[in-house]
Amino acid sequence: MSAIALSDKRVAVCGDWHGNIGWLRMLSRALPNLAYDVRTILQLGDWWMDPLETDPLFAEAGIDRVFVTVGNHEPFDLISPLLAAHPGAAIRVSDVTWILPRPARLIIGGRTVLSLGGAASVDRIWRTEGLDWWPEEAISDEQVAAAITGGTADLMLTHESPADTPVRAVQEVLGTNPNRFPAEALAESAKSRARVSEVWDAARPELLLHGHMHTPGGGVAEDGRRVVSLGRDIQEDNLAILDMTTLTLETPSLNEIRNAARRR
């Protein structure tokens, strides 16, 4: 698996989009005013956008490429055959959008980046397999092993949260789940987070960014590794601007995004 190499010094990182074209239209109008130099978006899953709709928006915003770390709610009936046909390769699904393999390695601005997509759907009992839920959402043992074999990384991109997350907001969400979802689904969710943690502990990135939990927040583990949970579409902290030199984040507020979009 060869690494994708980019020279970008700053990139945009986005949490779940859920196919929300209205939200993406606002982001595309705001981004040139918030970060005129950004040409790359790293999207953290639950993407399921129609590239025919999104490519013109990205072009308007000056975005050259969007790399998707897949989530749990994706059209896996379309994505999985493409990834299987080209093992280890990023799949270009439009002029701008690429689906990353699981795992994927990138070099951005001299920093090593590890992407590991997938997560467990705690709501799958209310979904229909093959229609809006697919077993391929799960992070497999083979994907974990491949991610670990690739060695350490400076930055890790996931959809799923690691287990024992230092992000208090995510801890609080997980604490309420036993009252909302079946035990079997919770067990799968815990297994999914444990697999992310296995890779997180092996790769030891300075920073891990994830979506999935629909709750923004950040935290620092005892050993100093940072974890940031990005919000979903129309939520605070869905968009972050990441400095690849320092691995620091700027997270424009919803009001800042709306105001920047109006200036177009």
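Can you confirm whether region 99-108 contains a residue that is under 18 Å from the mean Cα position of the chain (by Cα), surrounded by fewer than 20 Cβ atoms within 10 Å (Cβ to Cβ) and among the charged types (D, E, K, R)?
no
Specify the residue that is surrounded by the most Cβ atoms within 10 Å (Cβ to Cβ); the eligible residues are those in region 231-249 that are more than 18 Å from N20 (Cβ to Cβ) and in contact (Cβ under 8 Å) with a residue 40 or more places away in the chain.
Only one residue fits best here, namely L242.
Pick from region 126-163 the residues that are assigned to a loop (DSSP other than H, G, I, E, B), out of contact with any helix residue (DSSP H, G or I) (no Cβ under 7 Å at 6 or more places or on another chain) and of a type in the set (D, E): which of them is nearest to L42 (Cα to Cα)?
Restricting to residues being assigned to a loop (DSSP other than H, G, I, E, B), out of contact with any helix residue (DSSP H, G or I) (no Cβ under 7 Å at 6 or more places or on another chain) and of a type in the set (D, E), the top hit is D154.
For region 231-264: of the residues being among the β-branched types (V, I, T) and within 15 Å of R25 (Cα to Cα), which is farthest from the chain's Cα centre (by Cα)? If you could, list the steps in order and put the result at the bottom.
Let us first name the residues in region 231-264 that are among the β-branched types (V, I, T), namely 234, 241, 245-246, 248, 251, 257.
Then drop every residue that is not within 15 Å of R25 (Cα to Cα), which leaves 234, 257.
Working: I234: 16, I257: 20 Å.
Filtering first and then ranking leaves I257.
Just a yes or no: is a residue in region 202-221 without any contact (Cβ under 8 Å) to a residue 24 or more places away in the chain and not basic (K, R)?
Here is the first cut: in region 202-221, the residues without any contact (Cβ under 8 Å) to a residue 24 or more places away in the chain are none.
Looking through region 202-221, none of the residues is without any contact (Cβ under 8 Å) to a residue 24 or more places away in the chain and not basic (K, R).
Looking at P135, P81, P166 in this structure, which one is surrounded by fewer than 23 Cβ atoms within 10 Å (Cβ to Cβ), modelled with pLDDT of 95 or more and in contact with a Phe, Trp or Tyr (Cβ under 9 Å, 6 or more places away or on another chain)?
P135
Just to be sure, is G118 under 17 Å from the mean Cα position of the chain (by Cα), on the phi > 0 side of the Ramachandran plot and in contact (Cβ under 8 Å) with a residue 12 or more places away in the chain?
yes
For region 209-229, what are the residues that are in contact with a helix residue (DSSP H, G or I) (Cβ under 6 Å, 6 or more places away or on another chain) and within 23 Å of F67 (Cβ to Cβ)?
Correct list: M213, S229.
Do any residues in region 122-134 that are under 12 Å from E74 (Cα atoms) have Cβ atoms under 9 Å from those of residues that are of a type in the set (S, T, Y), where the two are at least six apart or on different chains, and which pairs are they?
W133/S121; W134/S80
I'd like the residue in region 47-72 that is crowded, with 24+ Cβ neighbours inside 10 Å and not hydrophobic (A, V, I, L, M, F, W, C) and, out of all such residues, is nearest to the chain's Cα centre (by Cα).
Ranking the qualifying residues of region 47-72, first place goes to T69.
The values are calculated or read from the model by the stated rules, or taken from the named source; none is laboratory data. Note that the structure is a prediction, hence the values are computed from the model and not measured. Cβ: placed from backbone, ideal geometry, glycine included. Neighbour counts: every protein chain shown.
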